[in-house]
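For reference, the structure is listed below as structure tokens.
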Amino acid sequence: YKMILGITGYKGILGKSIINYLKKYEKSDYSISLYKNNILDFEKLGKWIDKIDIILHLAAVTSIHEVNKNKKYAEQVNHLSVKFIVKKIKHISSNKKLIFISSSHVYSSSNKKISENSLVNPSTYYGKLKYKSEKEIQRNLSNFIIIRLFSYYSPKQSKEFLIPALINKIKNIEGRKLKIKNYNNIRDISTIDYVTKQITSLIFKKFVGIVNCGSGNGISLENLAKKIAYDKFKKNIELDKRFKLKKPSKIICNNYKLLKITGIKKMDNLFKIL
């Protein structure tokens, strides 16, 4: 019997990257089934789940801007779909495993690296929906992995995401001064390849529970912008001091647990793909 790995949201950047990686590197003692219908068509989703052993739930509205623009739709996709999947798995009282991609948005800023036991305190609506879904999973299922994903970059991301937006701004800058809000905030940004390898490795591990997924390195938006400006466009830029925060927020992943589970020790290098 071949295990069936089912993937929702397979058309997204992360989904495509994971599928390519699986096809290239994984031995085929399982087959992949892609959920091709609307994630809110629960009748079709339910029938599909019946046939799946491991569900990798990637379908989500991921842009904060898009989530805030249409909160009702975001709630349906980011929370109610999870609620339905959980209820369905519980109802068939099966051994199906759910792998849910959550987010570092469930945490608040911290001076220390953020571990799985750090304070959960989502400040964005996106983060609140993710946390609601996490609780739903934990209350009802025993066979699950919740992956709290920190920021990542892919050259294929749309301009609504951090790095593509920065590249676009720097490319079109007049003069030397760049206006970026809160540019001294510090973030953990992985490459899409690193995130793909880690998540793929987690899918087939016996691990159950919550795990952070990030590079373990922090970078301020200021340093990121300067590096992009110089490496990509040979520009030296300054940042408009009016946008500096008195208390910048700091979100850096403590990935000790992740590396222990996956055993992937290779460091991530964001600047290779910028």
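The values are calculated or read from the model by the stated rules, or taken from the named source; none is laboratory data. None of the values given here were measured: they were computed from a predicted structure. Every residue, glycine as well, gets a Cβ built from its backbone with ideal geometry; the counts of neighbours run over all protein chains shown. Only protein heavy atoms, including side chains, enter the accessible area calculation; ligands, DNA and RNA are left aside. Shrake-Rupley method; radii C 1.70, N 1.55, O 1.52, S 1.80 Å.
Between E66, E43, E116, E75, the distinction of being out of contact with any Pro (no Cβ under 6 Å at 6 or more places or on another chain), over 20 Å from G214 (Cα atoms) and either among the polar types (S, T, N, Q) or in contact (Cβ under 8 Å) with a residue 60 or more places away in the chain (or both) belongs to E66 only. When the stretch 223-237 is filtered for residues that are open to solvent by 30 Å² or more (accessible area, probe 1.4 Å), outside any loop (DSSP other than H, G, I, E, B) and touching a residue at least 40 places away in the same chain (Cβ under 8 Å), the ones remaining, listed by number, are K227, D231, K232, F233. Condition first: crowded, with 20+ Cβ neighbours inside 10 Å and not in a helix (DSSP H, G or I). Can you find one or more residues in the stretch 14-30 that meet it? No, the stretch 14-30 has no match at all. All conditions but one from (1) in contact with a helix residue (DSSP H, G or I) (Cβ under 6 Å, 6 or more places away or on another chain); (2) open to solvent by less than 40 Å² (accessible area, probe 1.4 Å); (3) without any contact (Cβ under 8 Å) to a residue 24 or more places away in the chain apply to P164; the one that does not is (1). Scanning the stretch 239-251 turns up at least one residue that is open to solvent by less than 40 Å² (accessible area, probe 1.4 Å), touching a residue at least 60 places away in the same chain (Cβ under 8 Å) and within 17 Å of the chain's Cα centre (by Cα). Each residue in the stretch 208-222 was checked for being open to solvent by 20 Å² or more (accessible area, probe 1.4 Å) and under 15 Å from I101 (Cα atoms), and 2 of them qualify.
Looking across L129, L149, one residue alone is open to solvent by less than 30 Å² (accessible area, probe 1.4 Å), under 25 Å from Q76 (Cβ atoms), at pLDDT 95 or above and out of contact with any strand residue (DSSP E or B) (no Cβ under 9 Å at 6 or more places or on another chain). It is L129. Under the condition of being within 19 Å of H105 (Cβ to Cβ), aliphatic (A, V, I, L, M) and in contact with a Lys or Arg (Cβ under 9 Å, 6 or more places away or on another chain), the residues counted in the stretch 147-173 number 2. Of all residues in the stretch 170-184, those satisfying the criterion of being open to solvent by 20 Å² or more (accessible area, probe 1.4 Å) and either without any contact (Cβ under 8 Å) to a residue 12 or more places away in the chain or of a type in the set (A, V, I, L, M, F, W, C) (or both) are N172, I173, E174, G175.
If you go through the stretch 34-48 and pick out every residue that is out of contact with any Phe, Trp or Tyr (no Cβ under 7 Å at 6 or more places or on another chain) and open to solvent by less than 30 Å² (accessible area, probe 1.4 Å), you end up with 2.
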